[in-house]
Structures are given as structure tokens and as C-alpha cells.
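Below you'll find the structure, written out as C-alpha cells, and then a few comments.
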Amino acid sequence: MSDPFSDDPLDYDAPPPPVSNLVRRDAPAPWLDALNGAQRSAVEALDGSVLVLAGAGTGKTRVLTTRLAQILHTGRCRPYQMLAVTFTNKAAQEMRNRVADLVGPVAEGMWIGTFHALGARILRRHAEIVGLKSNFTILDADDQVRLLKQLLQAEKVDEKRWPARALSALIQRWKDRGLTPDKVSVAEGGEFADGQAAKIYTQYQARLKILNAADFGDLLLHCLTIFNVQPDVLTGFQNLFHYILVDEYQDTNVGQYLWLRLLAQGHKNICCVGDDDQSIYGWRGAEVGNILRFEKDFPGAKVVRLEQNYRSTPHILAVAAGLISHNEERLGKTLWTDVTDGEKVVVRGVWDGEEEARVIGEEVEALHRQKNSLDEIAILVRAGFQTREFEDRLLTLGVPYRVIGGPRFYEREELRDALAYLRVIHQSDDDLALERIINKPARGVGKTTLHAMHILARIQDCSLYSAGLQLIDTDELRPQARSKLTEILGHFDRWRRMADGLPHSELAETVLDESGYTTYWMTSKKPDAPGKLENLKELIPAMKERENLTEFLEHVSLVMENTENKGGEMVNIMTLHSAKGLEFDSVFLPGWEEDLFPHKRSLDENGESGLEEERRLAYVGLTRARERAHISYAANRRIYNQWLSAAPSRFIDELPKDEIEIASEPGLYGTRDIAFDGAFNPSRGLSQGGPGLRRFQGRAPSAVVLEATAVNVDGGSNGFAVGDRCFHQKFGMGSVRATEGDKLTIDFDKAGQKKVIAAFVQKP
């Protein structure tokens with residue numbers, strides 16, 4: 001085969017250096033002395049297929065880089081005949097630097113990079129095979145959406161009903177699975193735009209060729225096409241790559257799996273490093289099955305388990321191992337450490353989410369007083385909406401914090417929009433706020449109208465709002481535009497009058513409903529729409545914590561001013577997904593309640609596989625902790641302005657009881673309140689409600705906590721009989737109407753009929 005990279009002076013078809021000349025098996029390799037037995041076995045198993053099951057904190061990166069160094073050191077191939085694949089540019093650079101530190105300049109020339117970067121490098125050499133030129137452009141997400149909008153418009157598809165961004169996400173999922181347009185079935189494309197998705201996908205790919213462009217999904221998809229239609233090109237790369245290493249193999253999708261498997265068929269020297277117990281990205285296409293079937297894909301593969309943990313205490317490892325052992329789809333390994341001391345994992349039940357935030361805030365302050373760095377403290381939540389209570393609490397305490405992996409609560413787009421509505425009501429001359437939402441959602445107050453308002457505002461030296469009031473009484477605008485402007489300004493005037501006699505939280509509900517903003521996100525097809533709607537609903541209880549609108553807006557301003565100070569310590573707040581790969585001395589894990597964690601949406605959409613991924617997510621959270629881990633759950637949680645009784649997560653029942661410490665408040669949850677018999681069976685009810693933010697009262701978020709099953713302390717009767725009078729701290733006095741195990745149906749004097757947990761009810 002001719003040189004596949006004619007613009008590169010290296011001879012990519014060169015055979016490996018003669019073993020007799022370069023392989024020095026007796027040459028000193030000092031890096032081997034720093035490895036434990038399992039790590040060394042993984043590094044020295046250089047030939048053939050190898051799967052390294054690297055548990056959390058077991059030195060995976062050291063094994064990867066040392067293995068690369070060992071291959072070069074023993075002269076088995078030239079640097080450019082090695083392919084090392086990572087998931088992030090940061091990981092690729094770290095790997096490159098570490099290998100260079102071990103073996104020096106000889107490491108230069110290795111193919112180290114992300115799937116996308118390496119795919120692009122191959123594609124540019126053979127772009128003509130798929131109808132592109134070598135200088136093709138790689139479109140970003142915004143460019144993809146703009147192009148799809150044009151195609152949707154040409155097909156007369158209602159973009160409001162079928163957003164281009166949703167179609168873009170669908171197409172990328174197909175590409176992640178290695179599906180070109182001709183391989184997309186009618187059934188798969190049937191849910192979008194009355195079955196037109198596959199057709200538009202075909203048009204999209206054709207348009208990309210005309211533009212000499214590719215999107216990120218194409219970088220591997222086109223490679224797969226090239227390998228299939230030009231076998232000699234595939235053979236050339238198979239011959240080129242004598243050794244292939246893959247990091248985080250459990251996170252590969254179908255397309256990445258196919259790409260790797262094809263390239264590895266040449267020399268069959270492939271080493272995949274990963275942890276099936278940390279596969280948590282199924283929602284974005286990762287297939288845990290790729291790592292589970294490695295031995296079938298590569299018969300005779302050597303499997304090395306890295307189980308000695310250098311991060312966490314024995315108690316943390318035991319709790320994590322006990323939890324993950326309940327998963328059936330796993331290869332299995334047991335983490336251990338030679339550390340002999342450490343704190344037990346704390347499990348705490350609290351009354352509600354506010355109390356949970358208060359307790360964790362106090363724990364953070366106590367750790368800081370004991371000279372623990374705030375940088376080494378993390379609060380890991382399952383859902384983004386949970387960050388709000390912790391942000392508010394830490395701000396109240398004066399404890400600096402950062403939100404990692406996403407914006408802080410009030411920095412999110414939907415919260416900024418909602419706040420803009422409230423700011424205009426509070427202060428009509430707030431031009432920035434008015435301009436942000438005057439046409440959001442779209443209501444016919446377009447750029448022309450806004451431009452006219454700006455001109456008049458400059459001439460009159462007044463606010464945009466005042467300019468708008470003048471324009472609706474003149475003929476400067478077209479009748480339809482003037483009518484729409486009159487309508488929205490009239491709304492603001494009416495809402496402002498309502499503010500005098502309506503609680504500010506109810507005002508916000510009214511504004512978001514009547515403005516159409518809630519409906520906008522409820523009907524949106526955007527992938528992130530459900531999360532945005534959940535955050536909007538979380539705004540209402542946040543407002544109730546302040547006396548009035550003025551105080552609330554001032555509070556938000558203070559939160560927004562809590563900008564990251566890179567020179568000072570900060571508590572880390574993030575979702576569990578964002579925490580993967582990180583580690584901290586102290587980790588707080590709040591919200592371990594049924595339907596919040598494990599998340600109901602995951603269970604509803606994916607069944608048992610969804611439950612196992614949720615359990616892996618819990619495992620990841622626990623293994624982020626070096627010295628201490630605190631799990632908490634609330635008996636009641638106010639979610640989007642609705643109080644809901646919450647059952648402890650089934651994961652709590654799966655924790656090995658000898659390794660945990662119960663730290664619940666007396667009289668609420670104690671050691672006798674948690675049953676560790678594996679018999680936990682939470683109820684699955686979900687109350688329904690109509691559209692609109694106000695009408696979400698009594699309705700759980702698209703996945704969250706609902707009716708709960710109480711824990712039977714004595715294993716027998718709950719102690720109540722039909723007709724008994726009783727008292728509930730939130731609902732007050734009532735009469736028992738029915739009993740069912742540890743649940744009571746009670747007619748409360750003021751709150752009406754409710755189903756509650758018997759443990760939360762007292763006899764007067």
C-alpha cells in the first residue's frame with residue numbers, strides 16, 4: 001500500500017524495528033518498580049488483547065502511560081505506530097506529557113487524541129472517498145442547527161413544533177450508532193415531523209457535502225464508510241497501528257466501538273482500560289455492553305483487575321462494593337486498600353430539604369474550622385434543581401462555593417428569563433430585563449418594534465418601557481406590531497397592580513403562566529426542555545423563602561455577585577455525572593430518595609438497565625470520597641412548590657449496615673427506622689396535573705419523588721386503626737380512614753384527604 005499520509009515525511013508503512021536491535025528486555029525500566037502486582041501485570045502484557053478493569057482510585061492513568069512507555073522502551077514499534085484514544089483533550093495531553101516524562105523525546109509522534117480528533121486526522125487523508133475535500137470544515141452545534149432549520153423550512157415543517165435542535169440531537173444519536181441515512185429504519189424516524197426525520201437526515205448529509213463540511217458525528221461515521229467501501233485503506237491503517245490503547249472503554253458508543261474493532265483486526269494488540277461499574281453515560285449513547293463482551297469480541301483476551309484502591313478508606317470502599325454488588329450486568333471486582341482506619345459512611349435522615357441543606361452547611365463549617373480545605377469538600381446532587389437550596393444556604397453562611405459542570409441556579413437561561421419578567425414588574429425602567437423577554441416567547445414584538453423603541457428612548461432620554469407606552473399611542477408602528485406591544489405592556493401594567501395584593505411567589509406563577517413562558521418550555525421539543533421546566537418550578541419555593549419581591553431580587557443579586565474567586569477556597573457543588581474523574585476529602589450525597597435517586601425517568605425509560613446505571617452513579621458518587629462520605633435523605637421534600645412525602649432510596653437499604661453510621665435526628669429516623677433486610681418496595685404513584693406552572697401543584701417533576709412507603713419499625717401493626725384521631729406536623733389534625741401496611745389514609749381537618757407515612761403521624 002502507498003503511504004496513506006503523503007504530506008507527512010514519516011514512513012507509515014515501515015515495519016517495526018528489528019527486535020534483535022532495539023528490544024532490550026534486560027534494560028532497566030525504573031517505572032515498573034513503582035507499580036503493584038496487578039498494575040505491573042497490565043503493563044507487561046504487551047502482546048494480544050488485554051482488558052484492564054480499573055476500579056475507582058486504582059491508578060488507571062499510571063498503568064496507561066507506563067504501558068505506552070514500556071512499548072517504546074522495549075522497541076516493539078515506532079512511536080507513530082501506536083494509537084492511544086481518550087475521551088477528552090485534557091486526558092490526551094496529560095497522557096502525552098507523562099509518557100514524555102518517562103521515556104523522553106522518543107515519545108514524539110504517537111497518535112494520542114480523542115476519538116473525534118483522531119477520526120478527523122484519518123478523514124482528512126481520505127476525504128474524497130466520502131465526497132469531501134481534505135480542507136473540510138467541522139461544524140459546531142449552532143451551525144448544525146442553522147442548517148437543519150433551513151431544511152425544515154424547505155420541507156414546510158413547523159419548527160416550533162419540531163425544533164431543529166431536537167432533530168440535530170436525533171441525527172447525532174444515529175451517527176453515534178454508526179447509522180448512515182440509508183440504515184435508519186422507518187420506525188426509528190417516525191416520531192419526528194410525521195416520519196420525515198430520515199428524509200431530512202439524507203438532505204442534511206447531502207448539503208454538508210456541498211458545503212464541504214462535516215459535523216462531529218461524521219468524523220467517525222465517515223471513517224466507517226471509508227473502511228467499508230475501501231478495504232485497502234482499512235488494511236493500511238490496520239498495518240500501521242501495531243498497538244492500540246483505549247481509555248474509559250466503558251463510555252464508548254456503538255460507532256466508536258465499531259471504529260476501534262476494525263482498526264484492531266490487524267495486529268490484534270489492543271488494550272482497553274475501563275470500569276464497567278462506572279458506566280454512567282447511557283443517556284448520551286454509551287454502551288456498557290461494549291466492555292462486558294470484550295472477551296467475546298477478542299477471544300483469548302487477558303483480563304487484569306486493578307483492585308487496590310489508593311484513594312478511599314476501607315469503610316467507603318466496603319459501602320461502595322456492597323451497593324454495586326446488587327448489579328447483575330457487571331464483570332465483578334472487589335476494591336481494597338491497605339489503609340486501616342477511617343470514618344464510617346454517615347447516613348442521615350432529615351425532615352425536609354431545607355433541613356438537609358442546613359445540616360450539610362453546618363457540617364461544611366465544622367470541617368472548615370477543623371482546617372479542612374473548602375476545595376476538598378463536594379456536594380454531589382442527582383438533579384440540577386437540587387443545587388439551589390445549597391447555594392442559598394452557603395450564601396447565607398458566607399461560605400464561598402462554585403458550581404461545576406453547569407451554571408449556578410440563577411444563571412440558567414430559564415431563570416434569567418423568569419427573573420427578567422419580575423424585574424420589569426418591580427422596576428419598569430429596567431431596559432436590560434425588558435429587552436430580554438419582550439419577545440420571549442415570540443409574541444410578535446420583533447426587531448423592528450424594538451429598534452423603534454430604542455430610537456425613541458434615545459430621543460426622549462427615557463426608558464424602553466416609557467418609549468413603548470408612547471409608541472402604542474401613535475402610528476409609528478404597523479397596526480399588528482402596535483397591537484402586540486400594547487398587549488404585553490398591558491400585561492405588565494396588570495401584573496404590577498396585582499403585585500400589591502398577591503404574594504410574590506404566586507405573582508411569579510401567574511406571570512410565567514400568562515406570559516406563555518411556561519407553555520413555551522412545556523411544548524418545546526428541545527432535549528433540555530424538561531430540565532428547564534423543573535428549574536422554573538423550583539423558583540417558586542425559592543421565592544417563598546423571602547418576604548417580598550424586593551428582598552428576593554436583592555437576594556438573587558447577592559448570589560450572582562458570589563463570583564468565583566480563583567485565589568480562594570470554595571466548596572464544590574455539582575451533579576453526580578459531573579463528578580466522574582474527580583476526588584475530594586469529604587463528599588456529601590443528598591437527596592437519596594425514591595424517584596429522585598434512583599431517578600424515576602431513568603427507571604420508566606430503561607427499566608432494569610436504567611436502575612443499574614443509577615446504581616453505578618451512586619457508586620461513582622461514593623468513590624469520589626477519600627476520607628468521609630455523608631449520605632442524606634429527606635422525609636418530605638418541597639419540589640417545585642409542592643410538598644411530597646419521600647421514601648428513602650432503595651440504595652440505602654442495599655448499604656452494608658456494619659459499614660455505616662446512622663446520624664438521624666432523634667425521633668425522626670434512628671437506627672431502628674431503617675430496615676436493612678432487602679425488602680424495601682417503594683410505591684410508584686404519580687399524581688397528575690394540567691398544564692401551567694400554577695397547575696403543577698400536586699404534581700411531581702417529570703421524574704421525581706412521590707408517595708412513599710413508611711418503614712415499619714416493629715415489623716407489625718403501625719399502631720393506628722380506622723377512626724383514630726392523629727396529628728401530622730405539616731397537615732395538622734385528622735382522622736384515620738384506611739390503613740395499608742405502614743401507610744395511612746387520613747382525612748385532615750384542613751388539608752383534606754392525604755396518604756402519609758405512619759412513622760410521621762402521632763396520636764394526640
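The values are calculated or read from the model by the stated rules, or taken from the named source; none is laboratory data. Since we're looking at a predicted model, the values are computed, not measured. Please note: Cβ atoms are built from the backbone with ideal geometry, for glycine as well, and neighbour counts cover all protein chains shown. SASA here: full protein model, heavy atoms, side chains in, ligands and nucleic acids out. Shrake-Rupley method; radii C 1.70, N 1.55, O 1.52, S 1.80 Å.
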- Task: Within segment 715-756, track down each residue that is open to solvent by 60 Å² or more (accessible area, probe 1.4 Å), on the phi < 0 side of the Ramachandran plot and without any contact (Cβ under 8 Å) to a residue 12 or more places away in the chain.
- Result: S717, E740
- Within segment 190-210, identify whether any single residue is open to solvent by less than 60 Å² (accessible area, probe 1.4 Å), part of a loop (DSSP other than H, G, I, E, B) and among the polar types (S, T, N, Q), and answer yes or no. yes
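Taking T396 as the residue in question, decide whether it is more than 19 Å from E514 (Cβ to Cβ), over 29 Å from the mean Cα position of the chain (by Cα) and among the hydroxyl-bearing types (S, T, Y). Break it down into steps so the answer makes sense when it comes.
Working: more than 19 Å from E514 (Cβ to Cβ): yes; over 29 Å from the mean Cα position of the chain (by Cα): no; among the hydroxyl-bearing types (S, T, Y): yes.
No; evaluated as a whole, the condition is false for this residue.
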- Name every residue in segment 98-128 that is open to solvent by 20 Å² or more (accessible area, probe 1.4 Å), over 18 Å from E248 (Cβ atoms) and within 30 Å of the chain's Cα centre (by Cα), in order of residue number. R121
- Task: Specify the residue that is modelled with the highest pLDDT; the eligible residues are those in segment 533-568 that are assigned to a loop (DSSP other than H, G, I, E, B), under 26 Å from M498 (Cα atoms) and in contact with a helix residue (DSSP H, G or I) (Cβ under 8 Å, 6 or more places away or on another chain).
- Result: N548
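Here is a yes/no grid of residues against (1) among the basic types (K, R); (2) more than 22 Å from T180 (Cα to Cα); (3) modelled with pLDDT of 95 or more:
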{"site": "T225", "(1), (2), (3)": "no, no, yes"}
{"site": "Q256", "(1), (2), (3)": "no, no, yes"}
{"site": "R284", "(1), (2), (3)": "yes, no, no"}
{"site": "R305", "(1), (2), (3)": "yes, yes, yes"}
{"site": "H315", "(1), (2), (3)": "no, yes, yes"}
{"site": "L323", "(1), (2), (3)": "no, yes, yes"}
{"site": "N327", "(1), (2), (3)": "no, yes, yes"}
{"site": "L331", "(1), (2), (3)": "no, yes, no"}
- Being modelled with pLDDT under 85 and among the acidic types (D, E) is the filter; apply it to segment 6-51 and report the residue that is least open to solvent (accessible area, probe 1.4 Å). D8
- Any chance S505 is buried (at least 16 other Cβ atoms within 10 Å of the Cβ), out of contact with any Leu (no Cβ under 8 Å at 6 or more places or on another chain), over 19 Å from R436 (Cβ atoms) and hydroxyl-bearing (S, T, Y): yes
- Mind telling me which of the residues L558, L576 ends up being under 26 Å from E362 (Cβ atoms), exposed (fewer than 15 other Cβ atoms within 10 Å of the Cβ) and of a type in the set (A, V, I, L, M, F, W, C)? L558
- Item | In segment 211-220, residue nearest to L118 (Cα to Cα) [restricted to those that are of a type outside the set (D, E, K, R) and either touching an Asp or Glu at 6+ places or on another chain (Cβ under 9 Å) or outside any helix (DSSP H, G or I) (or both)] | L220
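Condition check ((1) modelled with pLDDT of 90 or more; (2) among the hydrophobic types (A, V, I, L, M, F, W, C)) across all residues:
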residue	(1), (2)
H728	no, no
F731	no, yes
A738	yes, yes
Q753	no, no
A758	no, yes
Q762	no, no
- Task: Determine the pairs where a residue that is under 12 Å from L397 (Cβ atoms) and open to solvent by 20 Å² or more (accessible area, probe 1.4 Å), located within segment 353-373, has a partner that is assigned to a helix (DSSP H, G or I) and at pLDDT below 95 with Cβ atoms under 8 Å apart, the partner being 6 or more residues away or on another chain.
- Result: R358/R393; E365/L397
- Note on the structure: Residue set I425, I377, I437; condition β-branched (V, I, T) and within 17 Å of L536 (Cα to Cα); output residue I437
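Being basic (K, R) and either on the phi > 0 side of the Ramachandran plot or without any contact (Cβ under 8 Å) to a residue 60 or more places away in the chain (or both) is the filter here; which residues of segment 170-185 pass it?
Filtering segment 170-185 down to residues basic (K, R) leaves 173, 175, 177, 183.
Within segment 170-185, just K183 meets the criteria.
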- Message: So in segment 320-352, with the set limited to residues that are basic (K, R) and more than 24 Å from A38 (Cα to Cα), which one is most open to solvent (accessible area, probe 1.4 Å)?
- Response: K344
- Note on the structure: All conditions in (1) surrounded by fewer than 16 Cβ atoms within 10 Å (Cβ to Cβ); (2) touching a Leu at 6+ places or on another chain (Cβ under 6 Å) are true of P407 except (2)
- Item | All helices (runs of 4 or more DSSP H) inside segment 221-331 with 1 or more residues being closer than 19 Å to G610 by Cβ | 254-263, 289-292, 314-324
- Task: Go through segment 393-407 and give me each residue that's touching a residue at least 24 places away in the same chain (Cβ under 8 Å) and among the small types (G, A, S).
- Result: G405, G406
- Only one of (1) in a helix (DSSP H, G or I); (2) open to solvent by less than 20 Å² (accessible area, probe 1.4 Å) fails for V445. Which number is that? (1)
